Amino acid sequence: QVHVVESGGGLVQPGGSLRLSCAASGSIFSIYAMGWYLQAPGKQRELVALKTGDGSTDYADSVQGRFTISRDIAKNTVYLQMNSLKPEDTAVYYCKVRAKPWATSRENDYWGQGTQVTVSS
């Protein structure tokens, strides 16, 4: 089984910065992608940023130029550097890891428990 744990959320003023971390552990044969998603109250979960196994990245239009996703392959960890934060960035941020726990298993998506980010003065 793959375990996913996020950290780094909190309260920050508009214009401030936060860095989220997401670590995958457990039985991991291969990781194909790691990404961040947000879910605001009453809304569906949506993609923020994605880092694939070949190093390519994808960002939501709303965070382009403000957020940066990076990955430490050796540590099975992905980071989300969030700058110039806005009140509308307020949400629970979830990390998703697409991985195979064993060589013979299928790819599965594993989610963390989420971390709250609140942008408010």
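Would you count, across the chain, every pair of lysines whose alpha carbons are under 20 angstrom apart, provided the pair is eight or more residues apart or spans two chains?
7
Using only alpha carbon pairs under 8 Å that are at least six residues apart, calculate the relative contact order of the chain and give it in whole percent.
Normalised by residue count, the contact order of the chain is 38 percent.
Where nothing but the Cβ of Lys and Arg (+1) and of Asp and Glu (-1) is charged, how large is the charge dipole of the chain around its Cα centre, in debye to the nearest 20?
Around 160 debye, computed over the chain.
Where in the stretch 50-82 is the amide nitrogen less than 13 Å from a point lying 7 Å along the Cα-to-Cβ axis of E88?
Of the residues in the stretch 50-82, 61-64 have backbone N under 13 Å from the label point off E88.
Which loop chymotrypsin sites (Phe, Trp or Tyr not before Pro) in the stretch 60-116, with loop taken from DSSP, have no more than 12 other Cβ atoms within 10 angstrom of their Cβ?
W102
Identify which of G42, G26, G15 has the largest mean-square fluctuation in a Gaussian network model of the chain, with springs joining Cα atoms closer than 10 Å.
Looking only at G42, G26, G15, the largest GNM fluctuation is found for G42.
Report in % the part of the accessible area of the chain that belongs to carbon and sulfur, leaving out ligands and nucleic acids; probe 1.4 Å.
The nonpolar share, carbon plus sulfur, comes to 47 percent.
With a probe of 1.4 Å, find how much accessible area the chain has per residue, and write the answer as a whole number in Å².
53
For the chain, take every pair of Cα atoms, bin their distances at 10 Å starting from 0, and report each bin as a whole percent.
Bin by bin from 0 Å, the calculated values are 14, 47, 29, 8, 1, 0.
The values are calculated or read from the model by the stated rules, or taken from the named source; none is laboratory data. Model, not experiment: these values are computed from the prediction. Backbone-built Cβ (ideal geometry, glycine too); neighbour counts: all protein chains shown. To get the accessible areas, we keep the full protein, side chains included, count just its heavy atoms, and leave off ligands, DNA and RNA. Shrake-Rupley method; radii C 1.70, N 1.55, O 1.52, S 1.80 Å.
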